[in-house]
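Here is the structure we will look at.
The values are calculated or read from the model by the stated rules, or taken from the named source; none is laboratory data. Bear in mind the structure is a predicted one, so any value in this text is a computation, not a measurement. Backbone-built Cβ (ideal geometry, glycine too); neighbour counts: all protein chains shown.
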Amino acid sequence: MSRRSTSITIRDVARKAGVSVATVSRYINRNAPVSSEVAKRLEQVMTELNYVPHAAARHLASRKTRVVGLLLNNLHNDFFVPLLNGVEAVVRKNDYNLIIATYHANIRNQTAPPIGPHNTDGMLVFSDGLTDDDLIRLHITNFPMVLVHRTSPASVSIPSVTVDNIEVTRKLIEHFIKVHGKRRILFLRGPIHQEDSVLRERAYRSALQANGIPIDEDLILNGEFERDIAYEAMNEFLGNEAQVAFDAVFTGDDDAAIGVLKSLHEHGIQIPEEVAVIGFDDLGFAPFLNPPLTTVRAPTEQVGRIATERLFGILNDHPSDEEIILPTDLIIRRSCGCQQ
């Protein structure tokens, strides 16, 4: 049986990390620099051992870096531009610096997160940037965090800021069905571990069932919220000789919509006359697509701003474990079949 975290000492951390007690002390108190390699190793060991420095010592130590971090899973598409605008505006207002890093799932077992307690005063974690176990371990150490586009693991209370996915997805599916008479609605899901994708798929299935439409698993493709992957998925679907009939596409997000529209155009399918299309996010390019994209307006810049304000609230001793879900709206343009 492993020891309780209260029995773990600084000597245990030093021994497991292969460094001196003085080095661990410097890292915890930030009164002298340690290398990034050592810092990452110490952070990994501290989370593995569930080591929590004495609260009074942490409070008395001057640990301010005047840096906050934003941990993302990628920076592949336009979605992140308004998010970063919101984050950066608040960081600048507070006279802090911002570190942005991506952390890839395929190296998580070999490499510690590039940002965290070793180089920031607090961190914004986007979507599935960290696993639930990662988040719980950091939360136990009282490291300031706010989650973005995901909610807290059930066993802890970490503040979060996200958008409504469920009600607005039901609304857009019902718009297809009740306004345009669509019943064969194809859906491109995003990454399987991302909460936005999970909730949108759940609402898609729920809306079909509520309208008496059987769920056809052949009409659910993997678009990954990325235009290139969505384009390839649609091409494969449309090139299948055994292709099932469809009359509408919910692309999952706007970036995937670019790939979907390109594939449909290349296959000579008229939009919206033959196939209607709706996206999600209302990114800046959405009105300029051919045809202009009906989509969901998500307040992405506001998400970034509010999440960062919550983080600075924690840093200024005004903690909150509040879960904020911002409203979203269906924006009607021509791709769904409406004449706008």
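Kindly provide the set of residues from segment 121-143 that are out of contact with any Phe, Trp or Tyr (no Cβ under 9 Å at 6 or more places or on another chain), part of a loop (DSSP other than H, G, I, E, B) and touching a residue at least 40 places away in the same chain (Cβ under 8 Å), ordered by number.
Across segment 121-143, the qualifying residues are Ser127, Asp128, Asn142.
From the set of residues in segment 202-229 that are under 22 Å from Leu72 (Cβ atoms) and not aliphatic (A, V, I, L, M), which is surrounded by the most Cβ atoms within 10 Å (Cβ to Cβ)?
The selected residue is Gly223.
Pairs under 8 Å by beta carbon, first residue surrounded by fewer than 21 Cβ atoms within 10 Å (Cβ to Cβ) in segment 276-295, partner among the acidic types (Asp, Glu), six or more apart or different chains?
Note: pairs meeting the criteria are Gly284/Asp78; Phe285/Asp78; Phe285/Asp254.
If Asn235 satisfies all but one of (1) within 29 Å of Lys93 (Cβ to Cβ); (2) of a type in the set (S, T, N, Q); (3) out of contact with any Gly (no Cβ under 8 Å at 6 or more places or on another chain), what's the number of the condition it fails?
(1)
Which pairs do you get when a residue that is farther than 19 Å from Asn290 by Cβ, found in segment 238-259, comes within reach of a residue that is part of a loop (DSSP other than H, G, I, E, B) and of a type in the set (Gly, Ala, Ser), reach meaning Cβ atoms under 8 angstrom, with the pair 6+ apart or on two chains?
What qualifies is Gly252/Gly190; Gly252/Gly223; Gly252/Gly279.
Looking only at segment 312-337, filter to residues that are β-branched (Val, Ile, Thr) and outside any strand (DSSP E or B); which one of those is nearest to Ile177 (Cα to Cα)?
Ile332
Working only within segment 1-27, note down all residues that are part of a helix (DSSP H, G or I) and at pLDDT below 75.
Scanning segment 1-27 gives Ser5, Thr6.
Results for (1) among the hydrophobic types (A, V, I, L, M, F, W, C); (2) in a loop (DSSP other than H, G, I, E, B), shown as yes or no for each residue.
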residue: Val161; (1), (2): yes, no
residue: Val168; (1), (2): yes, no
residue: Glu174; (1), (2): no, no
residue: Phe187; (1), (2): yes, no
residue: Ile192; (1), (2): yes, yes
residue: Tyr204; (1), (2): no, no
